[in-house]
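**Student:** Okay, here's the structure, questions in a sec.
The values are calculated or read from the model by the stated rules, or taken from the named source; none is laboratory data. These figures come from a predicted structure and were not determined experimentally. Positions of Cβ are generated from backbone atoms using ideal geometry, with glycine treated the same way; all protein chains shown enter the neighbour counts.
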Amino acid sequence: MSNTIDNYIDREKSWLTFNARVLQEANDENVPLLDRFRFLGIFSNNLDEFFRVRYAAIRRLSHENIDTEKILGLPAEQLLKEITDIVIEQQSESLRILSEIEKKLEKENIFIINEKQVTKEQEVFIHDYFIQKVSPAVVTIMLNDLEEFPLLKDTSGYLAIKLVMKSDSAQKEIRYAVIEIPHTINRFVVLPSNSEKQYIILLDDVIRLNLNSIFNIFDYESISAHMIKITRDAQLEFDSDLSKSLIEKISNSVKERRVGEPVRFVYDQAIGKDTLEFFLKRMNILTSDSIIPGGRYHNRRDYMNFPNLGRYDLLYRENLPLPVPGLSLEGSILERIKKKDYLLYAPYQSFSYIIKFLREAALDPKVASIKITLYRLAKNSQIVSSLINAAKNGKKVTVQIELQARFDEESNISYSEQMQTEGIELIFGVKGLKVHSKICVIERIEEGRVKRYGFISTGNFNENSAKVYTDVTLFTSNVEILKDAAKIFDFFDVNYRVHRYKHLIVSPHYTRSRFNKLIDREILNALSGREAYIKLKMNSISDYKMTDKLYEASKAGVKIQLIIRGICCLIPGVKGLSENIEAISIVDNYLEHSRIYIFGNAGDPEVYISSADFMTRNLDARVEVTCPIYDPEIKKELIETFEIGWKANVKARIHSADLLNQYRKRGDEKPFRAQQEMYNYYQNKLEVIAEELQ
């Protein structure tokens, strides 16, 4: 099984290797037990999205008789089979890890029990819980007499039921049914306990224990229930009806997604062969689809929300977000930004400064307008609340909201309708381009003239994800940068006019060519004997042309350091191709999401923050913004934070062609966990400032 196409690692296998790193965290005995559950949940959730998007796309190619060897390096059918083989192996490993964690929890007096292990007292509680809470939410469908098999949703888990009816004849009547496990009820039911021991039962087993309550109208002699789960193609199909608004089209497409082609079927290995065949046949699932044997429980993404039971000793110690030196959540944030730029690095520092910025702008009588791009938003978003507040105060608020943010479409449509009702002007992006940039510009009237303030970020304006995603945000009143940012909003309004930007690097028109020029300059410096290096921190690199450009730089002698969390199609350390390139991935408690680009520039480094990865879609098919850092202190700070990541030798794995996810070794050096060291770095900064003020 080859992992490479010419000089590149296969994109899909590289992604599966990233998810294997998440599974490594679940398997790591140094990770607190309840956090190990969380990583199992993340692994499962990632896999669901992979099948809905990437696997589904390759499957469509395989059905369209396209010669995929030029695109994928091998026939699509072969790649689908290889993916399935890898996933079956990973699923098997995840089940082993789950079993191991559960055994270790028992030593901590936490027991996850099934319906056959409950005591009489627990059974009474569970039966009452089922009648009061679960039964009203359960949907049960008898299948034998239905002409058309019911639509099973890919966000839900189901129990496949087999009833063997009582009969005197040798040939027993078999009835099949399906029960949808309600997702409106917590999957983990904490049982009352009079001792130090704590007991949890899964909702699936609450239903199993009460099957007779559901099927008591049938005269059966035996009943069995095994979990199944389906994953569907998440591609959105848009109709061409010109009379429909974009919101209508996307809303309809999201509804259509529910009937997308099945791309993966996962089942409990203990299910009877006849029951499995019945479901596969009735659901039209072919042997060419990804059919994966699993354990007793699926939808393990729910483990991301496993109850903590008050056992904080079994979780990572929470680092409270730190203040940004010089910025206060009490006084005016705009007055501070007027004097100098500030950098916020979440979650090490508090995301509240972004909310504070918008809340102040909403109330400030001098603020005339607010313009912002929104991609993914929190549930009950404080960002949206602040913008509505501004509109109610008479500010002109313009929001570019991306309705096609995958799996957030319904939420964004709902927010769009809410904001429109409140008088906010909405822009729904540019046809054919997703808007992935993270920018905000406000205009304030000062002494009769317009003065701009704003922020540019690498991450979404989402206060929930800001607790777990590492992202940097630049607060600035720099005239030139914000003039360019304002032009981007003009481009949203009038798409046919391509603006020129003096400072910001904007996709889809300039990012690729500008990065090529920056790399070319390093190549020229290396060939001229000057200091030449490139340090890049990003989520993924999968664009072959950018990979080739970095290979070219390596051959010229440019030293290249890459911190790439996810997909890495580039192969580092190959003699004559990439021997000057090293690449690592850091997977830890926080999700590494910040994009920081540093170019040596013969001893006068240039530093950028960006919303774009080195992926073809970010470079050519989205609106992305890369922002230069001009403030010397912030530039130094970003270089130092990159170096902290680069020193990692605890949670860092080496990117390599063999996809083995080997941990980076540092000889006799002390363990260096980058995320904790990053927090320490910002804590030390505050202590130094406090000492200077004394």
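**Student:** Of the residues that make up the range 647-655, is at least one closer than 30 Å to Trp15 by Cβ, surrounded by fewer than 17 Cβ atoms within 10 Å (Cβ to Cβ) and modelled with pLDDT of 95 or more? Write out each step before concluding.
**Tutor:** Step one: filter the range 647-655 for residues closer than 30 Å to Trp15 by Cβ, giving 647-655.
Restricting the remaining residues to those that are surrounded by fewer than 17 Cβ atoms within 10 Å (Cβ to Cβ) gives 647.
Within this subset, residues satisfying the condition of being modelled with pLDDT of 95 or more are 647.
Yes; the residues of the range 647-655 include at least one that is closer than 30 Å to Trp15 by Cβ, surrounded by fewer than 17 Cβ atoms within 10 Å (Cβ to Cβ) and modelled with pLDDT of 95 or more.
**Student:** Can you name the condition, by its number, that Ser465 falls short on among (1) within 22 Å of Phe351 (Cβ to Cβ); (2) without any contact (Cβ under 8 Å) to a residue 12 or more places away in the chain?
**Tutor:** Of the numbered conditions (1) within 22 Å of Phe351 (Cβ to Cβ); (2) without any contact (Cβ under 8 Å) to a residue 12 or more places away in the chain, the odd one out for Ser465 is (2).
**Student:** Quick one: what pairs do we get from the range 193-214, first residue in a loop (DSSP other than H, G, I, E, B), second of a type in the set (Phe, Trp, Tyr), C-beta under 9 Å, 6+ apart or different chains?
**Tutor:** Close Cβ pairs satisfying both conditions: Ser193/Tyr199; Lys197/Phe111; Asn210/Phe130.
**Student:** Of all residues in the range 353-385, which are free of Cβ contacts under 8 Å to residues at least 40 places away in the same chain and surrounded by fewer than 21 Cβ atoms within 10 Å (Cβ to Cβ)? Even if it seems obvious, please write down each step before you answer.
**Tutor:** Of the range 353-385, the ones free of Cβ contacts under 8 Å to residues at least 40 places away in the same chain are 356, 359-360, 362-363, 365, 380, 384-385.
Within the range 353-385, Lys356, Arg359, Glu360, Leu363, Pro365, Asn380, Ser385 qualify.
**Student:** Next question. Tell me which residues, restricted to the range 256-277, are of a type in the set (A, V, I, L, M, F, W, C), modelled with pLDDT under 90 and either over 17 Å from Ile86 (Cα atoms) or outside the structural domain of Asp48 (by TED's automatic domain parsing) (or both). First the steps, then the outcome.
**Tutor:** Just the residues of the range 256-277 that are of a type in the set (A, V, I, L, M, F, W, C), to begin with: 259, 263, 265-266, 270-271, 276.
Subset that is modelled with pLDDT under 90: 259, 263.
Val259, the sole residue that qualifies.
**Student:** Here is a further query. Looking at the range 125-177, which of its residues are buried (at least 19 other Cβ atoms within 10 Å of the Cβ), closer than 16 Å to Phe279 by Cα and among the hydrophobic types (A, V, I, L, M, F, W, C)?
**Tutor:** Matches in the range 125-177: Leu152, Leu159, Ala160, Ile161, Leu163, Ala177.
**Student:** While we're here: Taking the condition of being at pLDDT 95 or above, crowded, with 17+ Cβ neighbours inside 10 Å and more than 11 Å from Tyr453 (Cβ to Cβ), how many residues in the range 324-340 meet it?
**Tutor:** Looking only at that region, the number is 1.
**Student:** Moving to a separate point now. Return the residues of the range 199-213 that are more than 17 Å from Asn305 (Cα to Cα) and out of contact with any helix residue (DSSP H, G or I) (no Cβ under 8 Å at 6 or more places or on another chain); say none if nothing qualifies. Give the steps one after another, and end with the answer.
**Tutor:** First, the residues of the range 199-213 that are more than 17 Å from Asn305 (Cα to Cα): 205-213.
Asp205, Arg208, Leu211, Asn212, listed by residue number.
**Student:** I'd like the residue in the range 174-207 that is at pLDDT 95 or above and among the hydroxyl-bearing types (Ser, Thr, Tyr) and, out of all such residues, is nearest to the chain's Cα centre (by Cα).
**Tutor:** Only one residue fits best here, namely Tyr199.
**Student:** Looking only at residues that are more than 17 Å from Asp154 (Cα to Cα) and of a type in the set (A, V, I, L, M, F, W, C) in the range 43-66, which one is modelled with the lowest pLDDT?
**Tutor:** Ile66
**Student:** For the range 278-308, how many residues meet the condition of being at pLDDT 90 or above, surrounded by fewer than 16 Cβ atoms within 10 Å (Cβ to Cβ) and of a type in the set (A, V, I, L, M, F, W, C)?
**Tutor:** Final tally of qualifying residues: 1.
**Student:** Leu638: outside any loop (DSSP other than H, G, I, E, B), under 19 Å from Lys549 (Cα atoms) and of a type outside the set (S, T, N, Q), yes or no? Outline the logic, then answer.
**Tutor:** Details: outside any loop (DSSP other than H, G, I, E, B): yes; under 19 Å from Lys549 (Cα atoms): no; of a type outside the set (S, T, N, Q): yes.
When the stated conditions are applied, Leu638 does not pass them.
**Student:** While we're looking at this one, here's another question. Would you check if Asp548 is under 22 Å from Thr17 (Cβ atoms) and surrounded by fewer than 23 Cβ atoms within 10 Å (Cβ to Cβ)? Let's see the steps before the verdict.
**Tutor:** Numbers: under 22 Å from Thr17 (Cβ atoms): yes; surrounded by fewer than 23 Cβ atoms within 10 Å (Cβ to Cβ): yes.
When the stated conditions are applied, Asp548 passes them.
**Student:** Inspect all residues belonging to the range 6-15 and state whether any of them is touching a Gly at 6+ places or on another chain (Cβ under 9 Å), surrounded by fewer than 17 Cβ atoms within 10 Å (Cβ to Cβ) and touching a residue at least 60 places away in the same chain (Cβ under 8 Å).
**Tutor:** So in the range 6-15, the residues touching a Gly at 6+ places or on another chain (Cβ under 9 Å) come out as 6, 8, 10, 14-15.
Now restrict to residues that are surrounded by fewer than 17 Cβ atoms within 10 Å (Cβ to Cβ): 6.
Those left that are additionally touching a residue at least 60 places away in the same chain (Cβ under 8 Å): 6.
Checked the range 6-15: at least one residue is touching a Gly at 6+ places or on another chain (Cβ under 9 Å), surrounded by fewer than 17 Cβ atoms within 10 Å (Cβ to Cβ) and touching a residue at least 60 places away in the same chain (Cβ under 8 Å).
**Student:** Restricting the search to the range 512-558, which residues are assigned to a helix (DSSP H, G or I), farther than 17 Å from Asn580 by Cα and either assigned by TED's automatic domain parsing to the domain that holds Thr470 or small (Gly, Ala, Ser) (or both)?
**Tutor:** Ser513
**Student:** In the range 472-521, how many are closer than 30 Å to Pro321 by Cβ and among the β-branched types (Val, Ile, Thr)?
**Tutor:** The number of residues fulfilling the criteria is 6.
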